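One structure is given here, and the rest of the page talks about it.
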Amino acid sequence: MSKNGGFLLGAIIGGTAAAVTALLLAPESGKELRNKLGKQVDDLLDVASDYTDIAKEKGEDLADLAKEKASSLGKQAEDLAQTLKDKASDTVEDAEDAVENVAEDTNDFASRFKKNAEDVADEAEDVAEDIVIDVKDTVSDAQEIVAEGVEEVEETQPIPTEDFEETVEELKEKFEENNPEV
């Protein structure tokens, strides 16, 4: 999953860089460029938010599946132990020894499966957290790229201070609306 996450992260960063480069090289007025940059930021934040939600859902699904499998295998082990107890009851001495051995093995077996299920759930949670961190880093990188683009635009074209400050405030508001966690 890390390989897919790395590829996805690379694709997002590459797409962002290409979009910013295309916007900066296109002959447009400063206001149009700011509008396009603002739209790009919104789009990137939406995509990052979508991937964060998907990662959380997949992690939760994986944890639930692991718990269900562990429960099912534990139940199967208990059923197997009961079946063996019933068949071994023909002779009293053999039955007592068999029941004791099966009960111990079943407990060990169930304990190992429960531990494995917990390990899988923990790993899924760690992977989901890593994806969330990667998405947040990507958002931060995208913000830096946009800020650099705005600075370059400001250097090449004089922008009236009032328009610029309004645009910055609008971008901040949209960013905060789309990312209440940040």
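The values are calculated or read from the model by the stated rules, or taken from the named source; none is laboratory data. Note that the structure is predicted; figures quoted are calculated from it, not measured. Positions of Cβ are backbone-derived with ideal geometry, glycine not excepted, and every protein chain shown enters the neighbour counts.
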Please find, among ASP134, ASP86, ASP79, the residue that is part of a helix (DSSP H, G or I) and in contact with a Leu (Cβ under 8 Å, 6 or more places away or on another chain). ASP134
Does THR106 count as among the polar types (S, T, N, Q) and buried (at least 16 other Cβ atoms within 10 Å of the Cβ)? yes
Restricting the search to segment 33-61, which residues are among the charged types (D, E, K, R) and surrounded by 14 or more Cβ atoms within 10 Å (Cβ to Cβ)? ARG34, LYS36, ASP42, ASP43, LYS56, LYS58, GLU60
Does ILE159 satisfy the criteria of being among the β-branched types (Val, Ile, Thr) and at pLDDT below 80? yes
